[in-house]
Amino acid sequence: MIKRSFFGLAKPRFVYEPLDSPMKPERIPMPRKATLHFDQPLDRRDALSLNPGDKVKTGQKLVLTEDSDDYIISPVTGAVSSVSAFIGDFGASRTALSIDVAEEEEIDSGFSEVSGDVSLDNAAQYLQHLPGNPPFRALADPRTKIETIVVTGLDSDLLVATNQNIVQTHVNAISRGISILKKMTHAKYVIVALPPKLLKQAGGVGGASGTEIRVISEDYPSALPPFIMKEVLGKVVPAGKTSADMGVAFFTAEAAACVAKAFETGEIPTTKTLTVIKKDLSRMLVEARIGTPLRDIFAICGITLNDRDRIILGGPMTGGAIYTEDYPVGPETDAVMVQDSAAVSLVSDYPCINCGDCVRICPADIPVNMLVRFCEARQYETAADEYDLYSCIECGLCTFVCPSRIPIFQYIRLAKYEMAKAEAEIEPVEEAPVETPEDTTAEGAEETVEESQEETAEETDA
Ligand code: SF4
Ligand code: SF4
């Protein structure tokens, strides 16, 4: 993973480890309980459209409140057992929905009724939460004009092999998915970004007309979308803009393959492939229903968690720690990593020693040592205006090399989140008014509102 220079002052190289041959994913059995996350807070209990006891089918669109545009797709068939509040990243209030899985699976017919019409609108209405999280919502905005589609076959974080394996095993599906994506977006160009080792296996992807394969380096972070924008397309995303604003849409290889499957079968794929990185850094691929608790995956992979071991959702560079094995697989979960307590490097209180390692390693040429000072001091506007906050491509390299173990990357992400929140004039989210037991969700707090749901149901019945 890391190749150190012989000369101490040169920056170390971090290298992806491309798969030499395909791996056979282990299939995780259907969970007994699935948990799904809404990005919205649980603050309008009287307007909930989902209540304990409600039946749901696989592939059914679920909305938290009747008037909501945001939806998730049920990956299982069963009955809602609870609707709970939990605290997500950066202290944001979110909602978790638990479903007791039924023995017999029923497939919802909503998508199959419209799947004959290959359109961006239908994709945005039903396929936003396909495995790989394709950006259909953003693309369906009439102001967005997509010229180029980029399909990435190299996973964006180190040690992760999810999309590489899909390239090796689903070339034809990716190719058909690309044709569908071209048709619905009217994109002129399609680029498939691959490391040199996958060129041979992925040769068939280049068959779709207008599709070009571009080789990307095996040096981290060459597979991150902002890096591909700059190095492959020669475009720099300006501060506050996205690649979609510049006419470029990114899809993972998994998302492209799932698009083909969805439109060809009329059923929404609900099984996620993910890389499990064990304590000894060996890796396994698994296929699990979205909503499956990580605990089920660890059991199949033979992983035992001990006190102070750490679970990281994602890879070693950009993943985030979570505090419970009950955390579910989501459509965006490409990897889960377990670190032995002895290998966990704790954040320290050491001050910055101005060594300059973060500045030397930063691929975006940011004065990181200065940026982090302003982020730490919560002076976010200065960080953005004077120290290139928005040029950060979120690779995590600075945190990895910092000898003072300052969580630079996390400070930067928090700064961007706070700036976005301020710009959207989002009100601070109210804390849930009841006790929150620890260690039940991502950031440790969950509040079950089953009882209040039942009360609401009774009132409605009356
Ligand atoms: S995460 Fe750190 S190293 Fe990476 S681009 Fe941002 S500031 Fe630079
Ligand atoms: S790597 Fe850490 S200690 Fe060194 S200059 Fe950057 S923030 Fe300071």
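Extending 7 Å from the Cα toward the beta-carbon at both Leu281 and Glu113 defines two label points whose distance is 5.3 nm. Applying a 4.7 Å Cβ-Cβ cutoff to the chain, the cysteines left without a disulfide-compatible partner are Cys258, Cys301, Cys352, Cys355, Cys362, Cys375, Cys392, Cys395, Cys402. For region 357-423, the C-alpha radius of gyration divided by 2.2 N^0.38 Å, with N the number of residues, is 0.99.
Hull volume per residue, based on the alpha-carbon atoms of the chain and their convex hull, is 156 Å³.
All alpha carbon pair distances within region 182-251 were sorted into 10 Å bins beginning at 0; the resulting P(r) in whole percents reads 18, 48, 30, 3. Over the chain, dividing the summed -39,500 (n - 2.57) contributions of all DSSP H runs of at least 4 residues by the number of residues returns a 222 nm mean residue ellipticity of -7000 deg cm²/dmol. Summarising the overall dimensions of region 120-265 from its C-alpha atoms, the Rg and Dmax are 14.0, 40 angstrom.
Per-peptide packing, taken as the mean over residues of other Cβ atoms within 10 Å, places 234-245, 12-23 in the sequence 12-23, 234-245 from highest down. Mark the label point 7 Å from the Cα of Asp219 along Cα→Cβ and return the residues of region 355-375 whose backbone N is within less than 19 Å of it. Within reach of a label on Asp219: 357-368.
As a rough guide to protection, the peptides 125-136, 142-153, 281-292 ranked by mean Cβ packing within 10 Å, highest first, stand as 125-136, 281-292, 142-153. Between Ala377 and Ala239, the modelled label-to-label distance comes to 1.7 nm, taking each label 7 Å out from Cα in the direction of the beta carbon.
Taking 0.36 nm per residue of separation and subtracting the current Cα-Cα distance, fully stretching the chain between Ser68 and Thr271 would add 70.6 nm. Remark: relative contact order (region 357-423) = 35 percent; criterion is Cα-Cα distance under 8 angstrom and separation of 6 or more residues. Once backbone amide H atoms are built at 1.01 Å from N, Thr65 has Ser49 as its partners under 5 Å, excluding neighbours fewer than 5 places away on the same chain.
Partner lysines whose Cα lies under 18 Å from the Cα of Lys188, excluding those fewer than 8 positions away in the same chain, are identified as Lys145, Lys235. Excluding same-chain neighbours fewer than eight residues apart, the lysines reachable from Lys197 by a Cα-Cα span under 20 Å are Lys3, Lys24.
Label sites at His186 and Cys355, each approximated as a point 7 angstrom past Cα along Cα to Cβ, lie 5.4 nm apart.
Since every read-out is calculated from the coordinates, none of them should be taken as a lab result. Since we're looking at a predicted model, the values are computed, not measured. Cβ coordinates were reconstructed from backbone atoms using ideal geometry, including for glycine residues, and neighbour counts include every protein chain displayed.
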